[in-house]
Amino acid sequence: MAKRGKKYRAALAKVDREKNYDLLEACKLVKETSYSKMDASVDLAVNLGVDPRHADQNLRGATVLPNGLGKKVRIVVFAKGEKAAEANGLGVDAVGGDDLAKRITDGWLDFDQVIATPDMMGVVGKLGKVLGPRGLMPNPKLGTVTFEVEKAVTELRAGRAEYRVDKAGIVHTSIGRSNFTPEALAENARTIVDTLLRAKPSTAKGTYLKKVTLSATMGPGVRVDTTPFKI
């Protein structure tokens, strides 16, 4: 493992790696140990007692965070007719069908989210090799394949966190920026964890909420006490 820099070691020295911190205390510590010159992303990692090999335990979804994510979201919409006009009226970054698909195929990727009405998925499906690896493919579970275009755009702009369990049973997601108050970060984190608790599969065995960790970009992880969350 490469030797860590002086700033990281100084930040790590402030964290008791054997302690599970109260959520608000953990958020304060993450801010204190963030040494990026920019407003760093604050990320949440939740270890769940699930086996993603089983379809019903392969959790994926999204939830609107009460305090947003602290960044502008660039949105494109695949739609036609009235829904295309609706999307244009919302001031999204691009709206279209085959023309938008060609633009993307030709290399344009200056966007963060893709919404598609169900009748446009035939067009969007052809972009799977481009959008899929970047996590941009519209998905009904995420509310991005829908005729409710205004609702989807509004939620994305408000700050919606997407979550998906990985092969190790861990969910990684952003909960805001290091310039957020500790209280705002804690509220966002609690929203994600509560969402995951409500999504607990009935077939999950043993301890469901195993470990919760917070960290800022390049900063050390801070373990959170899971006791208040358990159901």
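Quick check on Leu100: is it open to solvent by less than 30 Å² (accessible area, probe 1.4 Å), at pLDDT below 95 and not in a strand (DSSP E or B)?
In short, no.
Enumerate the pairs (first residue in region 142-157 and over 26 Å from Asn58 (Cβ atoms); second residue anywhere and at pLDDT below 95) with beta-carbon separation below 6 Å, excluding pairs fewer than 6 apart on the same chain, so at least 6 apart or on different chains.
What qualifies is Arg157/Val73.
Please find, among Glu150, Glu183, the residue that is assigned to a helix (DSSP H, G or I), surrounded by fewer than 20 Cβ atoms within 10 Å (Cβ to Cβ) and in contact with an Asp or Glu (Cβ under 9 Å, 6 or more places away or on another chain).
Going through Glu150, Glu183 in turn, just one is assigned to a helix (DSSP H, G or I), surrounded by fewer than 20 Cβ atoms within 10 Å (Cβ to Cβ) and in contact with an Asp or Glu (Cβ under 9 Å, 6 or more places away or on another chain): Glu150.
Exactly one condition in (1) closer than 30 Å to Gly206 by Cα; (2) modelled with pLDDT of 95 or more is not met by Ala94; state its number.
Only one criterion in (1) closer than 30 Å to Gly206 by Cα; (2) modelled with pLDDT of 95 or more is unmet by Ala94, namely (1).
Say we look at region 161-170 and pick out the residues that are in contact with a Ser or Thr (Cβ under 7 Å, 6 or more places away or on another chain) and of a type outside the set (Phe, Trp, Tyr); which of these is surrounded by the fewest Cβ atoms within 10 Å (Cβ to Cβ)?
Glu162
Give just the number: which of (1) open to solvent by 20 Å² or more (accessible area, probe 1.4 Å); (2) more than 30 Å from Thr227 (Cβ to Cβ) does Ala62 not satisfy?
(2)
Go through region 186-201 and give me each residue that's open to solvent by 30 Å² or more (accessible area, probe 1.4 Å), touching a residue at least 40 places away in the same chain (Cβ under 8 Å) and either on the phi > 0 side of the Ramachandran plot or in a loop (DSSP other than H, G, I, E, B) (or both).
Passing the criteria: only Ala199.
Hey, can you tell me all the residues within region 140-158 that are touching a strand residue (DSSP E or B) at 6+ places or on another chain (Cβ under 7 Å) and of a type outside the set (Val, Ile, Thr)?
If the condition is that a residue be touching a strand residue (DSSP E or B) at 6+ places or on another chain (Cβ under 7 Å) and of a type outside the set (Val, Ile, Thr), then Lys141, Leu142, Gly143, Ala152, Glu155, Leu156, Ala158 are the ones that fit.
With more than 19 Å from the chain's Cα centre (by Cα), among the β-branched types (Val, Ile, Thr) and either surrounded by 18 or more Cβ atoms within 10 Å (Cβ to Cβ) or more than 30 Å from Thr207 (Cα to Cα) (or both) as the only criterion, which of Thr105, Thr173, Thr144 stands out?
Being more than 19 Å from the chain's Cα centre (by Cα), among the β-branched types (Val, Ile, Thr) and either surrounded by 18 or more Cβ atoms within 10 Å (Cβ to Cβ) or more than 30 Å from Thr207 (Cα to Cα) (or both) holds for just one of Thr105, Thr173, Thr144, which is Thr105.
So if I check each of Leu69, Leu156, Leu136, Leu44, which one is buried (at least 20 other Cβ atoms within 10 Å of the Cβ), hydrophobic (A, V, I, L, M, F, W, C), modelled with pLDDT under 95 and not in a helix (DSSP H, G or I)?
Leu69
Out of region 72-88, which residues are among the charged types (D, E, K, R), free of Cβ contacts under 8 Å to residues at least 24 places away in the same chain and in a helix (DSSP H, G or I)?
Glu82
It is to be established whether one or more residues within region 22-37 are in contact with a helix residue (DSSP H, G or I) (Cβ under 6 Å, 6 or more places away or on another chain), open to solvent by 60 Å² or more (accessible area, probe 1.4 Å), in a loop (DSSP other than H, G, I, E, B) and modelled with pLDDT of 90 or more.
No; the residues of region 22-37 include none that is in contact with a helix residue (DSSP H, G or I) (Cβ under 6 Å, 6 or more places away or on another chain), open to solvent by 60 Å² or more (accessible area, probe 1.4 Å), in a loop (DSSP other than H, G, I, E, B) and modelled with pLDDT of 90 or more.
The values are calculated or read from the model by the stated rules, or taken from the named source; none is laboratory data. Because the structure is predicted, anything quoted here is derived from the model rather than measured. As a convention, Cβ positions derive from the backbone with ideal geometry for all residues, glycine included, and neighbour counts pool all protein chains shown. Only protein heavy atoms, including side chains, enter the accessible area calculation; ligands, DNA and RNA are left aside. Shrake-Rupley method; radii C 1.70, N 1.55, O 1.52, S 1.80 Å.
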